[in-house]
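In what follows, a structure is listed as structure tokens, so that the remarks can point back to it.
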Amino acid sequence: MRVMGLDYGDRRIGVAVSDAFRWTAQGLGVVAKRHDSGELEEIAGLVKEHEVSEIVVGLPKNMNGTIGPRGEICIAFAQSLREKLNLPVHLWDERLTTVSAERTLLEADISRKKRKQVVDKMAAALILQNFLDSNTKR
């Protein structure tokens, strides 16, 4: 079974999934946030489609390691996923993940418009890859 990585943002949720061996993360796409929490239904569909057995949600911590308001929102989102999907949901420190994704896209000379379209998906893939890498070292 695969692992899904999510980068929870204000407007969009970046989505990535692992390969079947849980070695690599691939960006899957972006789920738009809705006022009716319809994004949970869309994520549930992706979980089923890709045979996901656990989820990793990026937890934005402050640089000093504390959890601020944005982190609290992500914790609540992770809890909603646990309740809706009845799957293990892990929180993963995502400090500077989006910055790293942006920098990589800038270095690749990707236009601002295209960067905006893929940065959330790429950040989700980085979160998931870091999680997968940490679990293979055990």
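Remarks
- Only a single criterion out of (1) modelled with pLDDT under 90; (2) in a loop (DSSP other than H, G, I, E, B); (3) not charged (D, E, K, R) is not satisfied by Thr98, namely (2).
- Qualifying residues in region 22-58 (those that are part of a loop (DSSP other than H, G, I, E, B) and under 19 Å from Leu87 (Cβ atoms)) - the one most open to solvent (accessible area, probe 1.4 Å): Glu51
- For region 109-132, filtered to residues that are open to solvent by less than 60 Å² (accessible area, probe 1.4 Å) and at pLDDT below 70, the residue that is nearest to Gln26 (Cα to Cα) is Arg115.
- Counting the residues of region 1-21 that are closer than 12 Å to Asp120 by Cβ, of a type in the set (D, E, K, R), open to solvent by less than 40 Å² (accessible area, probe 1.4 Å) and not in a strand (DSSP E or B) gives 0.
The values are calculated or read from the model by the stated rules, or taken from the named source; none is laboratory data. As the structure is a prediction and not an experimental result, all values here were calculated from the model. For neighbour counting, all protein chains shown are included, and Cβ atoms are generated from backbone atoms with ideal geometry for every residue, glycine included. Quick note on the areas: whole protein, heavy atoms, side chains included, nothing else; ligands and nucleic acids left out. Shrake-Rupley method; radii C 1.70, N 1.55, O 1.52, S 1.80 Å.
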